[in-house]
1. Determine the sum of side-chain charges near Leu30: Lys and Arg each +1, Asp and Glu each -1, restricted to other residues whose C-beta is under 12 angstrom from that of Leu30.
2. Treat each spin label as a single point 7 Å out from the Cα along the C-beta direction, and report the Asp40 to Val12 distance in nm.
3. Would you tally the net charge around Leu18, using a Cβ to Cβ cut-off of less than 11 Å, leaving Leu18 out, and scoring K and R as +1, D and E as -1?
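Coordinate-derived values only; no laboratory data. The model shown is predicted, which means the values in this text are computed figures rather than measured ones. In this analysis, Cβ positions are derived from the backbone assuming ideal geometry, glycine residues included, and neighbour counts consider all displayed protein chains.
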Amino acid sequence: MKDGTFAVLAGVQEDKILIHFGRGGQPEELEREAFFSLWDDRVILLAKRSLLPGSKEGVQNSVSAKRFIG
């Protein structure tokens with residue numbers, strides 16, 4: 001996040017994003033615009049390698065998070 005913390009994206013709907021901030025507590029629901037104003041465009045994607053788009057033998061060097069959350 002832009003403030004140097006991290007967050008876990010827990011769910012995405014058409015206009016809402018469910019997020020767990022690294023400071024703990026309950027997940028929060030944010031409007032997309034609010035999320036994008038906080039996010040620094042960096043992502044660590046955790047997935048089985050076989051599930052990544054275009055992956056054959058390993059993880060692609062670069063995967064755009066915007067592909068997943070629009």
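1. That sum, taken over residues with Cβ under 12 Å, equals -3.
2. 2.1 nm
3. So the surrounding residues net to -1.
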